[in-house]
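Colleague: Below is the structure I would like to discuss, written out as structure tokens.
The numbers here are math on the coordinates, done by the rules we state, and not lab data. In this text the structure is predicted, and so the values were computed from the model without any measurement. Reconstructed Cβ throughout: ideal geometry from the backbone, glycine too, with neighbour counts over all protein chains shown.
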2 protein chains.
Amino acid sequence: MSGFILLVSGPSGAGKSTLLKKLFEEFETELYFSISSTTRLPREDEKNGVHYYFVSHDEFQEDIKNDYFLEWAKVHENFYGTSLKYTEEALNNGKIVVLDIDVQGYKIAKKKLQDKIVSVFITTKDKEELKKRLIKRNTDTITQLEKRLENASDEMKELCEYDYLIINDKLDQSYEALRAILIAHKFKTKGQDLDRIQNTWNKGE
Amino acid sequence: MSGFILLVSGPSGAGKSTLLKKLFEEFETELYFSISSTTRLPREDEKNGVHYYFVSHDEFQEDIKNDYFLEWAKVHENFYGTSLKYTEEALNNGKIVVLDIDVQGYKIAKKKLQDKIVSVFITTKDKEELKKRLIKRNTDTITQLEKRLENASDEMKELCEYDYLIINDKLDQSYEALRAILIAHKFKTKGQDLDRIQNTWNKGE
């Protein structure tokens, strides 16, 4: 089977990371978690090559010029990008490539690998709930928090671009949805080798 | 949420009924199992209005003329058909309509409600395995069994028409796939009321 891209977007604070962590625990051997390049500074607990590749603005611009990215986006003054080469390698190895990227990035990625993408938007039931979770997380300044809420409102306008929508109200239900989307897509006809399946079927006479 | 049609095809003996029975047990309140009309004679354990509506050839031809069917098909000299009206009522009530019909029926149904259909083909890994299961089931004469195998080979040529393909080798895995397809489709963006969701999101400020 050829792999596919499970592309997840949604406001920070909606619970994407928690859901993706659970997914990784359950489907570890089948998944390829793409590591993004970014120009933003590492948070205290973040390691280069594990959470992100931390690069300079100049290096990032050079990579854009060289068409190195499946997608890239500018978020809150920083750049984020996903390697096209590593993604394609993983797909050829039959992996499910998990991408956690924003709406801008999704639009660019679609231009390159639309056929391979299953897109999921994960959000809270309302803006108030998102605000609460961001305040609880306590990683943002007031200005950053306001910027995040504003971006979230903009992203919510583009829901219809996504294949699936999960309102992450109850974690267990949201996880059940996300894993179902993953499992279902392993059984998509178009991802399977129909010639081989049909030949095998007829041989067994 | 508006409902959708979970349409399942595949050779008799591949395990469709067993899988659909499990689905019904788990998702009973969400599902609407359509009862087909048929001109074939009831088997010993089959009841009118439960397993099928058993009707005469003349009644069936009249129903076709009146455009009463979402789909109908002739299989092994008998006719089978699904009510369009009951299907639409169930969809409007947000139900997941489960249809167990053959390739011909699927093609006709697509012409009427394509947008609403999620199609799944369930089969065995090869013809030999299907034959074994049919012999074990012991409901067919030799001629019927041969006809079934021939029809199965014809249907296998049309796999690519289906959204999903399940090779029912291990029942547990096949059921995991089928329930994942059902759950995933409940979270399809296009089936959800995006205006309402977006309004709710912005109101919570």
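Colleague: Using every alpha carbon pair in the range B:4-188, what percent of pairs falls into each 5 Å bin from 0 up to the bin containing the largest distance?
Modeller: Cα pair-distance distribution for the range B:4-188, in percent: 1, 8, 16, 20, 22, 18, 11, 4, 1, 0.
Colleague: Per residue, how big is the convex hull of the protein assembly as shown when only Cα atoms are used? Give it in Å³.
Modeller: Value for the protein assembly as shown: 150 Å³ per residue.
Colleague: Can you work out the Karplus-derived ³J(HN,Hα) for every residue in the range A:177-190? Use 6.51 cos²θ - 1.76 cosθ + 1.60 with θ = phi - 60°, whole Hz, and x for glycine or proline.
Modeller: 5, 5, 5, 5, 4, 4, 4, 3, 5, 5, 9, 4, 4, 5
Colleague: Pick out which of B:Ala152, B:Ala184, B:Ala14 has the largest mean-square fluctuation in a Gaussian network model of chain B, springs linking Cα atoms closer than 10 Å.
Modeller: Result: B:Ala184 has the largest fluctuation of those listed.
Colleague: Of the DSSP beta bridges with both residues in the range B:4-188, give the percent that are antiparallel, rounding to the nearest 5.
Modeller: Of the beta bridges lying entirely in the range B:4-188, close to 30 percent run antiparallel.
Colleague: Give the residue list of GluC sites (Glu not before Pro) in the range A:51-159 that are DSSP loop and have at most 12 other beta-carbon atoms within 10 angstrom. Can you show the working numbers first?
Modeller: On the way: sites: A:Glu59, A:Glu62, A:Glu71, A:Glu77, A:Glu88, A:Glu89, A:Glu128, A:Glu129, A:Glu146, A:Glu150, A:Glu155, A:Glu158; in loops: A:Glu77, A:Glu158.
Answer in residue order: A:Glu77.
Colleague: With springs only between Cα atoms under 10 Å, which of A:Leu91, A:Leu145, A:Leu130 fluctuates most in a Gaussian network model of chain A?
Modeller: Most flexible of the set in this elastic network: A:Leu145.
Colleague: List, shortest first and in nm to one decimal, how far the label point of A:Arg196 (7 Å from Cα along Cα→Cβ) is from its counterparts in the other copies.
Modeller: Once sorted, the set of distances for A:Arg196 reads 4.4 nm.
Colleague: Other chains near A:161-167: what is the mean number of their Cβ atoms within 10 Å of each residue's Cβ?
Modeller: Across A:161-167, the average partner-chain Cβ count within 10 Å equals 5.
Colleague: Using a 7 Å offset from Cα along the direction of the beta-carbon, what are the separations from B:Ser2 to the same position in each other copy, nm, ascending?
Modeller: Taking the point 7 Å beyond Cα along Cα→Cβ, the inter-copy spacings are 3.2 nm.
Colleague: Run through the other copies and list how far each one's label point is from that of A:Thr141, in nm with one decimal, shortest first; the point sits 7 Å from Cα along Cα-Cβ.
Modeller: 8.6
Colleague: Search the structure for amide H atoms under 5 Å from the amide H of B:Phe79, placed 1.01 Å from N in the peptide plane, and list their residues when 5 or more places away or on another chain.
Modeller: Correct list: B:Thr39, B:Arg40.
Colleague: Taking R0 as 25 Å, what FRET efficiency do you get between A:Leu84 and A:Lys21 from their Cβ-Cβ distance, rounded to the nearest 0.05?
Modeller: Efficiency at R0 = 25 Å is approximately 0.50.
Colleague: Count, for each residue of B:177-183, the Cβ atoms from other chains sitting within 10 Å of its Cβ, then give me the mean as a whole number.
Modeller: Mean shielding count: 6.
Colleague: If you average the alpha carbon positions of the range B:40-57 and of the range B:137-168, how far apart do those two centres end up, in angstrom?
Modeller: Spelled out, the Cα-based centre of one part sits 22 Å from the other.
Colleague: Can you list the HN-Hα couplings for the range A:29-46, worked out from phi with the Karplus curve (6.51, -1.76, 1.60; θ = phi - 60°), rounded to whole Hz and with x for Gly and Pro?
Modeller: 6, 9, 9, 10, 8, 5, 9, 7, 8, 8, 9, 7, 6, x, 6, 3, 9, 9
Colleague: Among B:Gly13, B:Gly105, B:Gly49, which one shows the highest mean-square fluctuation when chain B is modelled as a Gaussian network with alpha-carbon springs under 10 Å?
Modeller: B:Gly49
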